[in-house]
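A short worksheet on the structure shown next.
The values are calculated or read from the model by the stated rules, or taken from the named source; none is laboratory data. Source: prediction; values computed, not measured. With ideal geometry, Cβ positions are generated from the backbone for all residues, glycine too; neighbour counts draw on all protein chains shown. Keep in mind that these areas ignore ligands, DNA and RNA; they rest on the heavy atoms of the full protein, side chains included. Shrake-Rupley method; radii C 1.70, N 1.55, O 1.52, S 1.80 Å.
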Amino acid sequence: MKTGGSQNRCFRWRRARPVSIAFAVLVSIVGAWGQTAPRSVRPILERPIQPTAVTADQLQRYMMARIPKLPGRAGWVKKSQDLRRHLLEDVAFHGWPPEWVKALPNFREGEVIETGQNYRLKKLQIEILPDFWTTAILYEPVGASGQPAVAAKLPAILNVNGHDPVGKAAQYKQKRCINFAKRGIVALNLEWVGFGELYLPEDHHDFGAHLDLAGANALGLFYLAMRRGLDYLARLPNVDPNRLGVTGLSGGGWQTIVLGALDERVFAAAEDAGFASLESNILHPVDTDEVEETPSDFLEGQDYTHLVAMRAPRPTLLIHNAEDTCCFRAALVKPYIYDQMKPFFQWLGAEDAFAWHENLDPGTHNYEIDNRQTAYQFFARAFGMNVSSLEIPSGMELKSPDELAVGLPKENLTILGLAKRLAARRGGRPPEPASPSERKGWAIKERLRLKEVVRYKPLFVKNAWRLWNTMNKGLASLDYRFDFSDGLSAAGVWFKATGAVNSPATIVLDDRGKKQAEEVVSDRVNRDDQVLALDLIFNGEMLPQTPDSTDYELLVASLGERPLGMEAAQLLATARWLAETAGTSKVRLETYGIRSQVVALTAAALEPTLFSEVVTRHGMKSLSYLLDAPVLFRSAPELFCLDLYKEFDLDRLVAMASPAAVEQVDLVEPEKK
């Protein structure tokens, strides 16, 4: 039997019984109103319901169930061609204007730097898309006369950057290109958007998400950028188009496997610490935390292992580092991307064309001398060249970033600028029909399209676990963990006055998490509502990774899901559960912040008859705010849903939410510049 406070309360009640019965009834009636203040609600909202590790485990299991199986031998060559076409046409170039994708390459050759070391440098500007240029340095072998060697066609290697701020001026990259040139291999040192000369705030790769929002898969930009480098090499008169290679570290390694798999002109590819399989990435999502490396839909039905298989029978080298300080450690990825992939090369009689190298010295994230010499040996063999694999000392020949600077057009586009241009190209959307009968049919069609865009899949609450409760001064609370039919969960706290019966129900969402929702919770309880303060997946305490779970959201979107659709599905399932459990026909929504605003409006547009009213606070007037502010991707990742702004805006979602009333209060505006 418990002792202490509870016994004393019972004792005081027993002693109070002689007090007027009328007074006691009055006290009970006042208490039933559940009057409360924010300060008394907040400790209840702050009580944890689900640990971060549990949410991470649920999401990992959710994603692991979607890992595609490797194809069998039968018909693989045909399947690989179909897969290549699908990844380019349906994924990478999704939403990109065909005339941009098919445009003829445009190059501008500039200053030539004679080195006196059997090679020379040539500065280049390369147009990726209309008004969007990058730069490059060509390392060209020269003969005794100082002119480019043209007696025989030479092999050529595209050297792509990783996420190194100095870009093409990185010392290890310069040394590699110099050594290739001294071996009689033409080398192109390509600048990557966002680094080196393009190291600009609006070229940050996270702005690739804004391309998705505007309706063009971010992968398309990065693929076209690397493809243009290969286009240039393939057109050089002294280059053998049948002996083209590509290599790079980190993000350059990622470019190597993607371009090497999807462009059949790439004969030899040497990747360094650039990718892993889903088995590794799901358990280490920080390894693949870039927008371009985990693009929307890229891993729906295939994995990076399929790209390795598509390399067969062409020469392919995978370099990974024993204790990599960034990502994709050798021991963690080798079973998936190398060991199980060898049969694909064996089937095509090219077992010797597939190689693995684990770097031990320094073993960190690097393309230093051990890895470079491994690459020299690999490319020499692939290209049929009898040259040494030992590095030719070239440290005295390195150039500074200023010496390698090419320069860019004054009005060169950025990734964010490109997203704005794409959004402007979409033009206006057809207006909502005027007549009620036409509006009904219009809403049905729009709702079907919205389901496609957010990849909506209906859920139901499988279990609503009661984890804790309070009952004090006429106010009752229950902590819930909602387990849904897809294996994921949400967390919520239900407040109501102890005497409330069939009172209105409100769900509260807050971008800052439910623990910050004490003001609106207190207000609605004092208005006699039942209130459920709810944290959906990827928000509040339902983050699978703190303080930022964007890495998980990238993976989910790459697997073909949409975080926005997942959150809307959880909200709808919870609202249906609340309406049934609370004894109400409809549920009211109230939100704070732009993320919760869009989730709520999406849910209301999908199932409008479930809601009586939607009130949003500190939301935005239009999705254009995400571009104009601009809103950083990692502050609201679910909003950068592929095609969302191309197909919809908030006013359209509001119209689709009818008959639910929508009120939007205290809208935020972009700062004037």
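Table for the structure above
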| item | result |
| --- | --- |
| Antiparallel DSSP beta bridges within the chain, percent to nearest 5 | 50 |
| Interchain or long-range residues, amide H under 5 Å from V587's placed H | F611, S612 |
| E99 paired with R73, simple spin-label distance in nm, labels 7 Å along Cα-to-beta-carbon | 5.0 |
| Relative compactness, the stretch 560-654, computed as alpha-carbon Rg over 2.2 N^0.38 Å | 1.09 |
| Apportionment of accessible area to carbon and sulfur, the chain, percent (1.4 Å) | 54 |
| Reciprocal of mean inverse Cα separation for the stretch 193-325 (Kirkwood radius, Å) | 15.7 |
| Mean projected area in nm² (Cα convex hull; one quarter of hull surface) for the stretch 604-644 | 3.8 |
| Segment E403-D528, length gained on full extension (0.36 nm per residue, minus Cα span) | 37.9 nm |
| Under 5 Å, built H, 5+ apart or other chain: amide partners of W468 | D479 |
| q = 0.10 Å⁻¹: log10 I(q)/I(0) that the Debye formula gives for the stretch 335-438, counting C-alpha atoms only | -0.68 |
| Relative contact order of the stretch 578-673, defined on C-alpha pairs under 8 angstrom at six or more residues apart (%) | 37 |
| Virtual paramagnetic centre 7 Å along Cα→Cβ of S389, amide N under 17 Å, in the stretch 298-335 | 315-321 |
| MRE, 222 nm, helices only [DSSP H, n ≥ 4, -39500 (n - 2.57), over the chain, to nearest 500] | -11000 deg cm²/dmol |
| Coarse-grained scattering of the stretch 514-596 at q = 0.19, 0.21, 0.23, 0.25 Å⁻¹, given as base-10 log I(q)/I(0) from a Debye sum over alpha-carbon atoms | -0.94, -1.08, -1.20, -1.31 |
| Mean shadow area of the stretch 583-623 over all directions, Cα convex hull, nm² | 2.9 |
| Dipole of the stretch 47-158 [Lys/Arg +1, Asp/Glu -1 at C-beta], most positive-end residue of P130, M63, H86 | M63 |
| Largest to smallest accessible area among S558, S389 [probe 1.4 Å] | S389, S558 |
| Backbone HN-Hα couplings from phi across the stretch 324-336 [Karplus 6.51/-1.76/1.60, Hz, Gly and Pro as x] | 4, 8, 10, 5, 6, 4, 3, 5, 7, 10, 4, x, 8 |
| Along each principal axis, Cα extent of the stretch 108-229, largest first, Å | 54, 25, 22 |
| Counted charge near D231, where neighbours are those whose Cβ lies closer than 13 Å (Asp, Glu -1; Lys, Arg +1) | +3 |
| Sequence of D82, D287, D352 when ordered by accessible area, the most exposed leading, probe 1.4 angstrom | D352, D82, D287 |
| Cα-centred dipole magnitude for the chain, charges only on beta-carbon of K, R (+1) and D, E (-1), debye, nearest 20 | 1920 |
| Among 537-544, 164-171, the order from most to least packed when residues are scored by Cβ within 10 Å on average | 537-544, 164-171 |
| Kirkwood hydrodynamic radius of the stretch 362-511, from inverse mean 1/r over distinct Cα pairs, in Å | 25.0 |
| ³J(HN,Hα) computed for each position of the stretch 414-419 - Karplus, 6.51 cos²θ - 1.76 cosθ + 1.60, integer Hz, glycine/proline x | 10, 4, 5, x, 5, 4 |
| Correct choice for Rg and Dmax of the Cα atoms in Å that was computed from the model, options (i) 29.9, 116; (ii) 30.0, 97; (iii) 43.8, 149 | (i) |
| Three principal axis lengths of the stretch 448-503 [C-alpha, angstrom, descending] | 48, 23, 14 |
| Residues whose placed amide H lies under 5 Å from that of D272, excluding near-sequence neighbours | G248, S250, G253, I319 |
| Label-to-label distance, nm, for residues given as L667 and T498 (7 Å Cα→Cβ offset) | 4.5 |
| Note, ³J(HN,Hα) from phi for the stretch 641-655, Karplus 6.51, -1.76, 1.60, rounded to Hz, x at Gly and Pro | 7, 3, 6, 4, 6, 5, 9, 9, 9, 5, 5, 6, 5, 4, 4 |
| Residue-normalised accessible area of the stretch 574-673, given per residue in Å² at a 1.4 Å probe | 37 |
| Per residue solvent-accessible surface (Å²) - the stretch 84-204, probe of 1.4 Å | 37 |
